[in-house]
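Inspection log for the structure reproduced underneath, given as C-alpha cells.
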Amino acid sequence: MVEDFRRRGWVVARGFFAPDPLRAEIVTALEAGARGRFRAPVGDEAIVGAFVPMMAAHTPHSLALLLRLEPIARELLGGPVLPVRAKGVRYHGSAPWHRDSERDLASVGSLAYLEPTTADTGALRIRGRDGVEAVLATEPGDLIFMDERLEHGSSGGRERLQWRADHVADAPGALALFEDVFSGAWSGLYDAQRYPSYGAGWRASGHPAVERLEALGVPALAAAHEAPR
C-alpha cells in the first residue's frame, strides 16, 4: 500500500471498516448538528454540502477510525503526523476538479463513501502523480487515501454521505493550516457545542496527538472559533 501511495499519490483499502455503525453515526450527527450548507467556490462552479465534526464521545465509531488511521498516515507521509478533525459530510451534486491543498506541507486525506459509488454516481476521480487519471469506484467500508495536493473531483453525484479525516505532517507550517481550518469562513455551519472539533471526547480518546495538539494551541484555536456568538 505504501509503495502504491508514494508512486501514484492515492490508494484504496478495500473493506477497511464496518460501514453500518459509522453510517448511522453520520446520519445522526448531520440531522442533529448540521446548521446549513457550505458552498466552496471552484472557478465558476462550487462544491456544496453540509458537515459536522465527529470528534465527540457520542461519535465513538468515528473516533475509533481516526485512531486506527494514525499509524497508517505516519507511514504514508514518512514521519510524525497531526490529525485534522474527522467529520461527516453530505455532498450535493458533482464536484469540479480541484485540489484540497496548495501547500508545500505534505498531507493525506482519508475518505470513505457510505453508499456505493460508480463513475456515474459520484465516485472520486483523481489525477495521480504518475499522470494517470482514475475513477475510484467504492463500496461502503472501502477507504481512499490520497495526497491532498492531487487534482480530483466527481461526476454525476447526487446526495451522498462521506466520512473524512485529514493528516498533516508535523512540520513547520502545520499551525497555519489549522488557522485556515478554523477561520470565519466555516463559522456557524454546525452545532459546535454538541459537536466540538477538539473537545472532551477527543481529549479522552487516547490518540497519541492529543498532547501535541494541545502544545500547539490547536484545541484553543478551535474553541475560540466555535464559541457561541
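Of the residues GLU31, GLU70, only one is over 15 Å from the mean Cα position of the chain (by Cα) and assigned to a helix (DSSP H, G or I); which? Show your work before the answer.
Values: GLU70 fails: over 15 Å from the mean Cα position of the chain (by Cα).
After ruling out the rest, the residue left standing is GLU31.
Could you list, in sequence order, all residues of region 73-89 that are outside any strand (DSSP E or B) and among the hydrophobic types (A, V, I, L, M, F, W, C)? So that I can check it myself, show each step before the final result.
First pass over region 73-89, keeping only residues outside any strand (DSSP E or B): 73-80.
ALA73, LEU76, LEU77, listed by residue number.
What are the residues in region 1-48 that are of a type in the set (A, V, I, L, M) and modelled with pLDDT under 95, if any? Give the derivation first.
Narrowing region 1-48 to residues of a type in the set (A, V, I, L, M): 1-2, 11-13, 18, 22, 24, 26-27, 29-30, 32, 34, 40, 42, 46-48.
MET1, VAL2, ALA34, ALA40, VAL42, ALA46, ILE47, VAL48, listed by residue number.
Residue-wise test of (1) within 15 Å of the chain's Cα centre (by Cα); (2) not small (Gly, Ala, Ser).
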{"position": "GLY141", "(1), (2)": "no, no"}
{"position": "GLU151", "(1), (2)": "no, yes"}
{"position": "SER155", "(1), (2)": "no, no"}
{"position": "ASP166", "(1), (2)": "yes, yes"}
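Which one is surrounded by the most Cβ atoms within 10 Å (Cβ to Cβ), of the residues in region 117-138 that are over 27 Å from GLY78 (Cβ atoms) and either touching a strand residue (DSSP E or B) at 6+ places or on another chain (Cβ under 7 Å) or touching a residue at least 60 places away in the same chain (Cβ under 8 Å) (or both)? Spell out how you get there, then give the answer.
Of region 117-138, the ones over 27 Å from GLY78 (Cβ atoms) are 117-123, 135, 137.
Now restrict to residues that are either touching a strand residue (DSSP E or B) at 6+ places or on another chain (Cβ under 7 Å) or touching a residue at least 60 places away in the same chain (Cβ under 8 Å) (or both): 117, 119, 122-123, 135, 137.
Working: THR117: 23, ALA119: 13, GLY122: 25, ALA123: 22, VAL135: 14, ALA137: 17.
Restricting to residues being over 27 Å from GLY78 (Cβ atoms) and either touching a strand residue (DSSP E or B) at 6+ places or on another chain (Cβ under 7 Å) or touching a residue at least 60 places away in the same chain (Cβ under 8 Å) (or both), the top hit is GLY122.
Residues of region 142-161 being touching a strand residue (DSSP E or B) at 6+ places or on another chain (Cβ under 6 Å), surrounded by fewer than 22 Cβ atoms within 10 Å (Cβ to Cβ) and under 15 Å from SER94 (Cβ atoms), which ones?
GLU151, GLY153, GLU159, ARG160
Only one of LEU111, LEU175 is touching a helix residue (DSSP H, G or I) at 6+ places or on another chain (Cβ under 9 Å) and either hydrophobic (A, V, I, L, M, F, W, C) or surrounded by fewer than 14 Cβ atoms within 10 Å (Cβ to Cβ) (or both); which? Full working, then the answer.
Values: LEU111 fails: touching a helix residue (DSSP H, G or I) at 6+ places or on another chain (Cβ under 9 Å).
None of the other options fit; the residue is LEU175.
Would you confirm, using the coordinates I've provided, whether ALA56 is of a type in the set (A, V, I, L, M, F, W, C) and either closer than 21 Å to GLY122 by Cβ or assigned to a strand (DSSP E or B) (or both)?
For ALA56, the condition - of a type in the set (A, V, I, L, M, F, W, C) and either closer than 21 Å to GLY122 by Cβ or assigned to a strand (DSSP E or B) (or both) - is not met.
The values are calculated or read from the model by the stated rules, or taken from the named source; none is laboratory data. All values derive from a computational prediction rather than experimental measurement. Glycine also receives a Cβ, built like all others from the backbone with ideal geometry; neighbour counts cover every protein chain displayed.
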